[in-house]
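Let me begin by presenting the structure, written as structure tokens, before commenting on it.
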Amino acid sequence: MTDDLLERSPAHALLADGTTVCIRPATPGDHDRLKGFYDEMSSENLRLRFFSVSRRSAGMAADRACAPARPGYRALLAETRGRVLGLAEYDTGGEKDAAEISIAVADGLHHRGVGTLLVEHLVSAARADGITTFTADALSENREVLRLFADLGLRTSRRFEGPETRCTIHLDEDDSYLSAVESRGRAADVASLRPLLCPEAVAVVGAGRKPGSVGRAILHHIHTGGYTRRLFAVNPSVTSVLGVPCYPSVSALPKTPDLVVVAVPAAAVPATAEECGKAGVRALLVVTSGLDADQAQALRTACRTYGMRMVGPNCLGISHTEPGLRLDAT
């Protein structure tokens, strides 16, 4: 891991299910979290990763990933809300243009694209370092990681050595790899936009009792427009607005909404976004205008921290006219 990698800004990317994760280099300060990441792994996951169930191997892996930077080694981790989801690393071992690669993904997060996303970023870093080939050893029964390598879109070969499989991955950039990356990104984009454009539940924060407010107008349009799913209002002062049930906070709603319409004063927007993120909301429609630079930055930070997609601020709303949904949030 070289100094230039440590200085790079974290990259925010989408998993296959549309969840936002942060991809960044592992640092010495991550040691305890990475140690916990491995400690939480099941014995089976450890065996497939280290070819044994020894916890000592996991501890050594955390030590290696968080050691001071050294030539020929890089480690990238994927995280969300402070939780490590996966780690991918390569080590040239003194070779000039080849490196050994390894991947670990947290229990319960397989098949969501964590490993693939990490490898894509590691491929870009390796190419910048002049590396042309990755090699990896995997147990032949570890179909998940073998499928990951096969589906990357890169030219891959395998050699069977007893219970293990030796994979060689050529990092030449060609149309098949670029198409595979684009296809994965497009599918993730669609998945991430579903809570925004096809929400199963919507809440409007800032719908007042008096006519004339933007929040009340949007709630009226959603309600009278025939929205076919669940609709809530959030207002601590009343129990109902325009016939729509009202609750004191987002966290008090009987169902976590996919989409929250934020129509509160600018000063309250960051705290509202933070509350939505903590409650598990997947998307925000922020119609509030007049945010200053600090408020806008806090809003973006909340969206990235909690993986929420956002339209706004200072927007006219969104509309989806499909008969099965009929969402007029304008």
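Relative to the Cα centre, what is the charge dipole magnitude of the stretch 16-86, using +1 at the beta carbon of each Lys and Arg, -1 at the beta carbon of each Asp and Glu, and rounding to the nearest 20 debye?
Values: 12 positive and 8 negative charges, 47 e Å.
About 220 debye.
So what's the back-of-envelope 222 nm ellipticity for the chain, counting only DSSP H runs of four-plus at -39500 (n - 2.57) apiece and dividing by all residues, rounded to 500? Before the final figure, lay out each step's value.
Working: 10 runs with 116 residues, N = 330.
The per-residue figure over the chain is -11000 deg cm²/dmol.
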ask   = Can you pull the percent of the chain's accessible area that's carbon plus sulfur, 1.4 Å probe, other chains left in place?
value = 52
ask   = Which net charge results for the neighbourhood of TYR177, defined as the other residues with beta-carbon distances under 14 angstrom from its beta-carbon, given Lys and Arg at +1 and Asp and Glu at -1?
value = -4
task = Among the trypsin sites (Lys or Arg not before Pro) in the stretch 187-249, which ones are in a DSSP loop with at most 16 other Cβ atoms within 10 Å of the Cβ? Mind listing them?
result = ARG209
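Add +1 for every Lys or Arg and -1 for every Asp or Glu among the other residues with Cβ under 12 Å from the Cβ of ARG282, and state the total.
Taking every Cβ under 12 Å from that of ARG282, the sum is -1.
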key: Rounded to the nearest 20 debye, dipole of the stretch 113-195 from Cβ charges on Lys, Arg, Asp, Glu   = 200
request  = Take peptides 53-63, 106-116, 172-182 and line them up by average Cβ neighbours within 10 Å, highest first, as a rough protection proxy.
outcome  = 106-116, 53-63, 172-182
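How much area per residue is accessible in the chain when the probe is 1.4 Å and only protein heavy atoms are counted (Å²)?
Working: 15400 Å² over 330 residues.
Per residue, the chain has 47 Å² of solvent-accessible surface.
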remark   = Sequence order, the stretch 152-157: Karplus ³J(HN,Hα) from phi using 6.51 cos²θ - 1.76 cosθ + 1.60, θ = phi - 60°, Hz rounded, Gly and Pro as x, gives 4, x, 9, 5, 10, 10
Most mobile listed residue (ALA125, ALA203, ALA75) in the chain, GNM with C-alpha springs under 10 Å = ALA125
remark   = Restricting to lysines and to Cα separations under 20 Å from LYS255, and discarding same-chain partners fewer than 8 apart, the set is LYS278
key: Size of charge dipole - the stretch 246-304 - debye, nearest 20, with Cβ of Lys, Arg +1 and Asp, Glu -1, no other charges   = 220
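Between the DSSP loop rule and a limit of at most 16 other Cβ atoms within 10 Å, which trypsin sites (Lys or Arg not before Pro) in the stretch 233-330 are left? Can you show the working numbers first?
Numbers: sites: LYS255, LYS278, ARG282, ARG300, ARG304, ARG309, ARG326; in loops: LYS255, ARG282, ARG326.
Of the trypsin sites (Lys or Arg not before Pro), the ones in loops of the stretch 233-330 whose Cβ has at most 16 other Cβ atoms within 10 Å are LYS255, ARG326.
The values are calculated or read from the model by the stated rules, or taken from the named source; none is laboratory data. Just so you know, these numbers come straight off a predicted model, no measurement behind them. Cβ coordinates were reconstructed from backbone atoms using ideal geometry, including for glycine residues, and neighbour counts include every protein chain displayed. The protein model used for the area step is the full one, side chains on, heavy atoms only, and it has no ligands, DNA or RNA in it. Shrake-Rupley method; radii C 1.70, N 1.55, O 1.52, S 1.80 Å.
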